[in-house]
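Student: The structure follows.
The values are calculated or read from the model by the stated rules, or taken from the named source; none is laboratory data. Predicted model, so just to flag it, every value in this text is computed and none were measured. Counting neighbours? That spans all protein chains shown, and the Cβs are built from the backbone with ideal geometry, glycine included.
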């Protein structure tokens, strides 16, 4: 998965009210309905809604999603512990009301997928979304049964349209997420010998080495914890993986420039560059 780039919306009544989610019970998939437009466009659109004037007599629009995804990028617009306006409605399906509550916006994470000029979700965007949803499912202890389409929540909205027209694609998406969730994290060999002269636990997730988050201060890596295993490192958001009660971060996204890794059997060792 490509690094998640922060594009956090300003607090405002129309796209980021700043209210905390009641819980995370599901992930809702959407499409942008803007053929050929990249993920950054929808993020900018959500941000622009903050400029509306509630007193100008013009009907205001409320809309946002936590993430926007295209072939090459993933942008985070709203923190995952906050509410986004992505599936509000006057009516909801019976299943959504039963499983998500009376107002699903306050218990779900919304993801916008971009479409190409033909109005289709490309395979690259599909796979990017699979990786993102798999990460979120691991983080919030969800399964593929907790993945919804916008239409599945409200009943009347044909969104994502390509999946409404071809439901097999949504089933393929959930199976792809299932495949990633079934790949168990396993300890690497046996620990990482850090340049600071102490061993640091590490795990391998999806063939990528993840190092325990406590390496950050030890290696003088500037960071800011955003909650729910999410860190701001090198001006970008990095999502951690929880394993046996500790959070591990992908080394490829956090490594400082003055340290180089070399691989040993089953794991890595980190040393200063000469």
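Student: Restrict the check to the range 209-219 and report whether at least one residue is closer than 23 Å to residue 20 by Cβ and either over 20 Å from the mean Cα position of the chain (by Cα) or free of Cβ contacts under 8 Å to residues at least 12 places away in the same chain (or both).
Tutor: The answer is no; no qualifying residue exists.
Student: May I pose another question? When you check residue 110 against the structure, is it surrounded by fewer than 16 Cβ atoms within 10 Å (Cβ to Cβ) and outside any helix (DSSP H, G or I), yes or no?
Tutor: When the stated conditions are applied, residue 110 does not pass them.
Student: Related question: Between 98, 122, 91, which is in the same structural domain as residue 46 (by TED's automatic domain parsing), surrounded by fewer than 18 Cβ atoms within 10 Å (Cβ to Cβ), more than 15 Å from residue 239 (Cα to Cα) and without any contact (Cβ under 8 Å) to a residue 40 or more places away in the chain?
Tutor: 98
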